[in-house]
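First up is the structure itself, then whatever we jot down about it.
The values are calculated or read from the model by the stated rules, or taken from the named source; none is laboratory data. Note that this is a predicted model, so its numbers are computed, not measured. Note: ideal-geometry Cβ built from the backbone for every residue, glycine included; neighbour counts use all protein chains shown.
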Amino acid sequence: MQSSPPPFFKRGPSLFARLAFFSVLSLFLLYADARFHYTEAMRKVIGVVLYPLQQLADAPGQAASRIGNFFVSQSYLQRENDRLTHENFLQAGQLQAQQATIAENRHLRQLLEMKERAEQTSTVAEILYVGRDPFSRKVVIDKGSSQGIEEGAAVVDDTGLIGQVTRALPWTAEIALISDREQVVPVQVVRNGLRAAVFGVGYDGALDLRFMPVNTDVENGDLLVTSGIDGVYPAGLPVALVSNIERNAAYPFAKITCTPAAGLNRHRQVLVMSRLAPLPEYPVAPESKKDKLKKAKKGK
Amino acid sequence: MIQSRLYGKLSGSEEILLPVKPLYLAITLFIALMLNLLPLTDWLLALRPDFVALVLFYWGIHQPRKIGFLPAWLLGLAMDVADGSLFGQHALAYSVMMFAAIALHRRVSMFGMRHQILHVAPILFMTQLIVLGVHHAAGDQVPGWWFFLSSVTGAMLWPATDLVLKIPLRQRHDPDDA
């Protein structure tokens, strides 16, 4: 055991003083982060320092999967290659048809004098790890603001929407999954164009379609896609399939549960879409007569 | 009887270890941070003890003069950035834990391993409770009872932590032999 000097030697501030100092510092940071988001710069600096450590911690897993990949059987590769060739062939056909549709759409939009839709670029990123915070549904990807990832960008996999970039550090970025409790996605029912909003419930595998009247026209198996009217998510990305509807006239709203279309916890690679062009400003309500009168009075 | 047992603990089983160098402290804390950063999922993640808290607490008990609040606070900030959680909650929790460790260091090292675990478990639990409290204040919901599993596994790992951290401090050869 370390022998401590008797207390009459000077040993700096007392234990309580040190505890108080560091607690107050922490509380100050908490308050600054929660209320004003002042701490982002500091977070970025620590994020840069942590990045090589995260890579290092990830290395054993990566090496194991690489060694596993090395010993994949020939027949498996052959089968996968066949499947991919087949898929590629089908998608090439669809793409050709789509090119014609895109051209036609642009032409029609010009005729109708509507704004052209901006073309989207996208970046492939790999998931470094699933968020360790059990309070939220987040993943961290290996691309960040230095690779052009922006906060607010939509993230998709091959079957649908996964989430949104909520924080872009220089080399990594945090994605809040759509199953996160704080995520809301504006959607449309493909079958009838009904607009609604899908809420995360805090665990994978289920989403809530809230605030729909009991007699709403939603059926089991309806596909929900992003409506694109929020200016965050591009329109038309599959979000969820309606899986269960409870209509109880005792409550004002129906309880509609959906399953996410994308594999929220299945993939290693994801696609980060670029930000949409900003929507035009929300129109300001014209001044009513009352307001004008008030102003006139004040002027006097 | 109690007195004789305590006396036995102090004189008999307490081995004389080499002095701890600050570099060794830093290396163990670094390894603990790496273990915390491992990309685990699901049950493994729920069961994973907070290695940084465990090692910080260990050094707070055994070397209270060489480790202070600053390493605890900085490692807490690092954990907050890695978790993407509110900035400062782990820093606060680790600071309070370091206070408990330094305040209790004489008392805890008097006890045997089994009774030390009974000290470690509530303090790790309290550390998690602070994190939970900050989340609650920020409007998050409690994830479930399994959230506290990691302080149980952490306390279980206390004897192992003690063994592993002592290895490089053992004297190479017994001075009495020479």
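Data for the structure
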{"read-out": "Matching residues in the stretch B:37-55 - criterion: being under 18 Å from the mean Cα position of the chain (by Cα) and more than 8 Å from chain A (Cβ to nearest Cβ)", "value": "B:LEU47, B:ARG48, B:PRO49, B:ASP50, B:PHE51, B:VAL52, B:ALA53, B:LEU54, B:VAL55"}
{"read-out": "Sole exception among (1) at pLDDT below 85; (2) closer than 30 Å to A:GLN62 by Cβ for A:GLY231, by number", "value": "(2)"}
{"read-out": "Selection count, the stretch B:96-154, where residues are in contact with a Phe, Trp or Tyr (Cβ under 9 Å, 6 or more places away or on another chain), in contact (Cβ under 8 Å) with a residue 60 or more places away in the chain and farther than 30 Å from A:GLY200 by Cα", "value": "4"}
{"read-out": "Residue in the stretch A:10-19 that is small (Gly, Ala, Ser), out of contact with any strand residue (DSSP E or B) (no Cβ under 7 Å at 6 or more places or on another chain) and at positive phi present", "value": "yes"}
{"read-out": "Tally of residues being over 16 Å from B:ALA53 (Cβ atoms) and either of a type in the set (S, T, N, Q) or at pLDDT below 85 (or both) across the stretch B:121-144", "value": "7"}
{"read-out": "Which listed residue, of A:GLY200, A:GLY163, A:GLY205, is out of contact with any Phe, Trp or Tyr (no Cβ under 8 Å at 6 or more places or on another chain), surrounded by fewer than 14 Cβ atoms within 10 Å (Cβ to Cβ) and not β-branched (Val, Ile, Thr)", "value": "A:GLY205"}
{"read-out": "Residue that is facing chain B (nearest Cβ under 9 Å), modelled with pLDDT of 85 or more, assigned to a helix (DSSP H, G or I) and under 22 Å from B:VAL131 (Cα atoms), where the choices are A:LEU56, A:LEU30", "value": "A:LEU30"}
{"read-out": "Unique match (being under 14 Å from the mean Cα position of the chain (by Cα) and under 16 Å from A:ARG132 (Cα atoms)) among B:GLN116, B:GLN128", "value": "B:GLN128"}
{"read-out": "Matching residues, the stretch A:168-178, being surrounded by 17 or more Cβ atoms within 10 Å (Cβ to Cβ) and either in contact with a Ser or Thr (Cβ under 8 Å, 6 or more places away or on another chain) or at pLDDT below 90 (or both)", "value": "A:ALA168, A:LEU169, A:TRP171, A:THR172, A:ALA173, A:GLU174, A:ILE175, A:ALA176"}
{"read-out": "Residue satisfying condition, being modelled with pLDDT of 85 or more, assigned to a strand (DSSP E or B), more than 14 Å from chain B (Cβ to nearest Cβ) and within 29 Å of B:VAL134 (Cα to Cα), within set A:VAL124, A:VAL185, A:VAL165, A:VAL139", "value": "A:VAL185"}
{"read-out": "Long-range neighbours under 8 Å by Cβ, at least six apart or interchain, first residue within 14 Å of chain B (Cβ to nearest Cβ) within the stretch A:188-210, second among the acidic types (Asp, Glu)", "value": "A:PHE199/A:ASP208; A:GLY200/A:ASP180; A:GLY200/A:GLU182; A:GLY200/A:ASP208; A:VAL201/A:ASP208; A:GLY202/A:ASP180"}
{"read-out": "Subset of the stretch A:142-160 (residues that are crowded, with 23+ Cβ neighbours inside 10 Å and part of a strand (DSSP E or B))", "value": "A:ALA154, A:VAL155"}
